[in-house]
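Below you'll find the structure, written out as structure tokens, and then a few comments.
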Amino acid sequence: MGLEDGRRQKVCPSCGAPVEPGAKYCWRCGAKLEFEDLVNHQALSREEDLLSELKEIVKSLKRLNELETRVKELESENKRLKEELARKEEELKALRSLLE
Ligand SMILES: [Zn+2]
């Protein structure tokens, strides 16, 4: 599957008859085939654009996830340090009261 198959197995957009690659008109109903090609090509390149945009978004989301994890780590580290500081202050207060 893919572009190669799509190019080889072309069908008429109006009647569905299989047509030769590069044919300008359908042999069965006489519909013009060139225009459909152009539309398909535009749709395809638009699809590719959207796909690469989507990939960028997914990449950004992954990065955001990593950053959120990092923030959580730092927050818990911060909490731990604050608790340690409070403990040290208590110790210091106790020492001071011994000296007085
Ligand atoms: Zn046709």
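Bear in mind that the values in this text are calculations on the coordinates, not laboratory data. Since the structure is predicted, the reported quantities are computational estimates derived from the model, not experimental observations. Note: ideal-geometry Cβ built from the backbone for every residue, glycine included; neighbour counts use all protein chains shown.
Some notes on this structure:
- With contacts taken as Cα pairs under 8 Å and at least 6 residues apart, the chain reaches a relative contact order of 11 percent.
- Each Lys or Arg adds one and each Asp or Glu takes one away; over the other residues whose Cβ falls under 15 Å from the Cβ of D49, this sums to -2.
- Taken along the Cα-to-beta-carbon direction at a fixed 7 Å, the label points for E100 and K82 span 2.7 nm.
- A43/E68 FRET efficiency (R0 41 Å; Cβ-Cβ; nearest 0.05): 0.65
- For the chain, a Kirkwood hydrodynamic radius built from all Cα pairs, placed in the Stokes-Einstein relation at 25 °C and 0.890 mPa s, yields a translational diffusion coefficient of 123 µm²/s.
- 5 angstrom amide H check on K10, placed H, neighbours 5+ away: V19
- Between L61 and E75, residue separation times 0.36 nm minus the direct Cα-Cα distance comes to 3.0 nm.
- Theoretical ellipticity at 222 nm over the chain - DSSP helices of four or more residues, -39500 (n - 2.57) apiece, nearest 500: -26500 deg cm²/dmol
- Packing, taken as the mean count of other beta carbons within 10 Å per residue, orders the peptides 41-50, 20-29 from highest to lowest as 20-29, 41-50.
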